[in-house]
Amino acid sequence: MLGMQALFEGMAVAVFDCLGRAARNPLRVDILRCVKVDEARHTAVGVLPMRRVVQEASEEERAGLEDFDFEILATLNANQNLDMLRVSGSRYGIDPDTIVQVALSLPEWPELNNKIFMHTAVLNLSRLELITERTEGLYRQRGIIYGDRFGHAIDPDVAAAF
């Protein structure tokens, strides 16, 4: 539940929200909003029962859940950068590993990178108290969390799902 609903479905909410904001065709905007709302419901299906699981977990189990979450999002973060470049980079003579290293070294990288994560997935983990002082710094180093502790106000469609 934690990986699929709270993290992956949460990321999907963010992706569909970004696509909807960029869309100019009213029908496309409506369709993307419907998909986003559906993904938000899937997220709620996972997050709501996880509250009890986390509350009843031992300190060691909570730390394990927190580490699991971080590893999943860190892996998604790394792969989103490399996979896209590996697919298209060779056509243009671009070395994906070099580009990723340059991007990661930019001072503004965390600000540019965090929006998909901070939209819903990080907020879900925050609500579940699965981002603590122990892991928050790791999220920030990877550019998954940036700025205000947990970012933006909750999306109204996501709030309605809960």
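The values are calculated or read from the model by the stated rules, or taken from the named source; none is laboratory data. Predicted model, so just to flag it, every value in this text is computed and none were measured. Virtual Cβ from ideal backbone geometry, glycine too; neighbours counted across all protein chains shown.
I need every pair where a residue in the range 13-31 that is within 22 Å of Val45 (Cβ to Cβ) and modelled with pLDDT under 95 has its Cβ under 9 Å from the Cβ of a residue that is among the polar types (S, T, N, Q) and not in a helix (DSSP H, G or I), sequence separation at least 6 or different chains.
Cβ pairs passing all conditions: Val13/Thr120; Ala14/Thr120; Asp17/Thr120.
Being crowded, with 20+ Cβ neighbours inside 10 Å and in a helix (DSSP H, G or I) is the filter here, so list the residues in the range 123-132 that pass it.
Leu123, Asn124, Leu125 - these are the residues of the range 123-132 that are crowded, with 20+ Cβ neighbours inside 10 Å and in a helix (DSSP H, G or I).
Here's a check for you: in the range 49-108, which residue that is touching a Gly at 6+ places or on another chain (Cβ under 9 Å) and among the β-branched types (Val, Ile, Thr) is modelled with the highest pLDDT?
Ile72
Is one or more of the residues making up the range 9-32 in contact with a Phe, Trp or Tyr (Cβ under 7 Å, 6 or more places away or on another chain), surrounded by 16 or more Cβ atoms within 10 Å (Cβ to Cβ) and among the β-branched types (Val, Ile, Thr)?
No - not one qualifying residue is present in the range 9-32.
Here's the yes/no breakdown for (1) of a type in the set (A, V, I, L, M, F, W, C); (2) under 26 Å from Asp38 (Cβ atoms); (3) buried (at least 18 other Cβ atoms within 10 Å of the Cβ); (4) more than 14 Å from the chain's Cα centre (by Cα):
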site	(1), (2), (3), (4)
Leu73	yes, yes, yes, no
Asp83	no, yes, no, yes
Tyr92	no, no, no, yes
Arg142	no, no, yes, no
